[in-house]
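Asks: Below you'll find the structure I mean.
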Amino acid sequence: MDRNIRRMAAFFADATCRLRPHFKAHKTPAIARRQLVAGSCSGLTCATVSEAEIAAEVCDDILIANEVVDPNKCARVAALARRVRMTVAVDSIEGLEAVGRAAATAGATVGVVVDVNVGQMRCGVSPGGDVLRLARRVAATGGVELRGVMGYEGHVVSVPSRAEREAQGRAAMEGLVDSARMLRADGLPCELVSAGGTGTYDISGRVPGVTEIQAGSYVLMDTDYGGLDLPFEQAFWVMGTVISRPTATRVVADCGHKSTTKDHGLPRVRGLQGASVTSLNDEHATIAVPPACGLQIGARVFLIPSHTDPTINLHDVFYVLDGETVVDVWRISARGYPEHRGAVDSLLDPS
Ligand SMILES: Cc1ncc(COP(=O)(O)O)c(C=O)c1O
């Protein structure tokens, strides 16, 4: 993990483009602190308000690269904006007004970037005129401050061929950078042009005009990104125990999809020649092994998850290894729905 953090920081060290690591990948302040200390960072990216509330413990410049529209959540963003520099994405007048109202009520200024659909077909307005129209509206709204544009090329980050990824990544960034140019030509501020993920950090991160990259998975990695030509190493595993070996070629461990997700495919087995996970149930990983494999009941197995973010969201802590020694335990404090914890406690125990 430390090597991954150093490599990413080094890539941006001499660049005008900065790194804004995505906190959603690990939800762990102890890791975010290391990313910030390594340098080259403009701040942190978050996906949710509750992540931002926890990330604000370690960082004073946070982008929620996502739409926030619920009045209570907007009020929480505004409250945060009184303590740290907060920026949120908007792609609608409704969303913009909700953020503006909350900011004005709190006496805060919330930064806004217009979310641009650069081809992922998720949130975001179309590049060009639609961005300019919404940006003008932002500039005319109280409580908010226009800071620029963002556009996440999520449809490109996992494209296996490097040449294809480069071509599609550059094409996606064209619409974003052109939109930024239109804003500036119109006299509007556009300090942030935020984009990028682990699969495109060195593509979008070298497109002139892109000011920061929101990569997150590079810190810990997974099999999905491990299949690409990236300079990052697998740095976390889910440990399980063999609970059954019904046949010479079938082993069952106690780590199912309640401990490692399968939305990006089945996990792999670390360091066991010829072993592969054949299925995951709630609490079971079924693993095919060669008959000569020495795994016995009670032995530990380590799975390499296929998707970092949702797997980590299933766990309370990281056991931190230096080599084979556990040297620390880090709380994954933004996992789940941390904002509900206090409310649930008082519901269950009103005294
Ligand atoms: C808005 C946004 N930015 C950036 C990322 C980059 O994440 P990763 O490093 O996992 O590619 C994501 C991932 O889903 C995202 O949703």
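The values are calculated or read from the model by the stated rules, or taken from the named source; none is laboratory data. Since we're looking at a predicted model, the values are computed, not measured. As a convention, Cβ positions derive from the backbone with ideal geometry for all residues, glycine included, and neighbour counts pool all protein chains shown. Protein only, heavy atoms only, side chains kept; ligands, DNA and RNA dropped before computing areas. Shrake-Rupley method; radii C 1.70, N 1.55, O 1.52, S 1.80 Å.
Asks: Between beta-carbons, use under 10 Å as the cut-off and find the net charge around Asp115, counting Lys and Arg +1, Asp and Glu -1.
Replies: Charge balance near Asp115 sits at -1.
Asks: With runs of 4+ DSSP H residues as the only contributors, calculate the mean residue ellipticity of the chain at 222 nm using -39,500 (n - 2.57) per run, divided by the residue total and rounded to the nearest 500.
Replies: Estimated from H runs of four or more residues: -9500 deg cm²/dmol.
Asks: With θ taken as phi - 60° and the coefficients 6.51, -1.76 and 1.60, list the Karplus ³J(HN,Hα) couplings across the range 155-160 in order, rounded to whole Hz; mark glycine and proline as x.
Replies: 7, 10, 4, 10, 4, x
Asks: Follow-up. Taking the C-alpha atoms of the range 221-351, how large are the radius of gyration and the largest Cα-Cα span, Dmax, in Å?
Replies: Cα only, the range 221-351: 17.0, 59 Å (Rg, Dmax).
Asks: Residue separation times 0.36 nm, minus the C-alpha to C-alpha distance between Arg250 and Glu339: what's the value? Display every interim value, and only then the final one.
Replies: Working: separation 89, 0.36 × 89 = 32.04 nm, distance 4.22 nm.
Here the segment from Arg250 to Glu339 would lengthen by 27.8 nm.
Asks: Cut-off 10 angstrom, C-alpha nodes, Gaussian network model of the chain. Which of Cys46, Cys74, Cys293 fluctuates the most?
Replies: So, out of Cys46, Cys74, Cys293, the one fluctuating most is Cys293.
Asks: Could you list which residues have their amide H under 5 Å from that of Met150, counting only those 5 or more apart in sequence or on another chain, with H placed in the peptide plane?
Replies: Amide H to amide H, under 5 Å and 5 or more residues apart or across chains, Met150 pairs with Val114, Asp115, Val116, Ser194.
Asks: GluC sites (Glu not before Pro) within the range 223-329: which are DSSP loop residues with at most 13 other Cβ atoms inside 10 Å?
Replies: In loop regions of the range 223-329 (DSSP not H, G, I, E or B), the sparsely surrounded GluC sites (Glu not before Pro) are Glu233, Glu324.
Asks: Tell me, what % of the accessible area of the chain is carbon and sulfur with a 1.4 angstrom probe?
Replies: Solvent-exposed carbon and sulfur of the chain make up 51 percent of the total.
Asks: While we're here: Expected output is a single nm value to one decimal: the length gained when fully extending between Glu233 and Glu57, i.e. 0.36 nm times separation in residues minus the C-alpha distance. What is it?
Replies: Residue separation times 0.36 nm, minus the Cα-Cα distance, leaves 60.6 nm.
Asks: Now for a separate question. Please list, ordered by chain and number, the residues whose modelled amide H lies under 5 Å from the amide H of Ser279; skip anything fewer than 5 residues away on the same chain.
Replies: Thr286
Asks: Can you give me the three principal axis dimensions of the chain from its C-alpha atoms, in Å, biggest first?
Replies: So the extents along the principal axes, rounded to whole Å, are 71, 62, 33.
Asks: Further, regarding this structure: How large is ³J(HN,Hα), in whole Hz, for each residue of the range 74-86 in order, when computed from phi with the Karplus curve 6.51 cos²θ - 1.76 cosθ + 1.60 and θ = phi - 60°, using x for Gly and Pro?
Replies: 4, 5, 5, 4, 5, 4, 4, 5, 6, 9, 9, 6, 10
Asks: Return the single residue from Val327, Val112, Val84 with maximal mean-square fluctuation; model: Gaussian network over the chain, springs between Cα atoms under 10 Å.
Replies: Residue with maximal mean-square fluctuation among Val327, Val112, Val84: Val327.
Asks: Keeping all protein chains in place, calculate the accessible area per residue for the chain (probe 1.4 angstrom), answer in Å². Working shown, then result.
Replies: On the way: 15590 Å² over 351 residues.
Ligands and nucleic acids excluded, the result is 44 Å² per residue.
Asks: Could you work out the mean projected area of the convex hull around the alpha carbons of the range 95-134, in square nanometres to one decimal?
Replies: Hull-based average projected area comes out at 3.1 nm².
Asks: How far apart, in nm, are the 7 Å Cα→Cβ label points at Thr105 and Ile243?
Replies: Once both label points are built, they end up 4.7 nm from each other.
Asks: Say we join alpha carbon atoms closer than 10 Å with springs in a Gaussian network model of the chain; which of Val113, Val219, Val317 then has the biggest fluctuation?
Replies: Val317
Asks: Using 1/(1 + (r/R0)^6) with R0 = 30 angstrom and r between the beta carbons of Arg331 and Glu94, what's the FRET efficiency to the nearest 0.05?
Replies: 0.25
Asks: Given Gly148, Val110, Ala9, which one lies farthest toward the positive end of the charge dipole of the chain, if we put +1 on the Cβ of every Lys and Arg and -1 on the Cβ of every Asp and Glu?
Replies: Ala9
Asks: Now for a separate question. Taking 0.36 nm per intervening residue step and subtracting the Cα-Cα distance, what contour gain separates Glu164 from Arg83 on full extension?
Replies: 24.9 nm
Asks: Also, I was wondering about something else. What list of ³J(HN,Hα) couplings, whole Hz, do you get for the range 10-27 from phi and the Karplus terms 6.51, -1.76, 1.60, once you set θ to phi - 60° and write x for glycine and proline?
Replies: Karplus values, whole Hz, x for Gly and Pro: 5, 4, 9, 4, 9, 9, 6, 6, 9, 9, 10, x, 7, 5, 5, 5, 10, 6.
Asks: Measure out, as a whole number of angstrom, how far apart the alpha-carbon centroids of the range 254-330 and the range 120-170 sit.
Replies: Going from one Cα centre to the other spans 36 Å.
Asks: With N denoting the number of residues in the range 104-166, provide Rg(C-alpha) divided by 2.2 N^0.38 Å, to two decimal places.
Replies: 1.43
Asks: OK, next. Which of rounded, prolate or oblate describes the range 162-220 when judged by the alpha-carbon gyration tensor and an a/c cut-off of 1.5?
Replies: oblate
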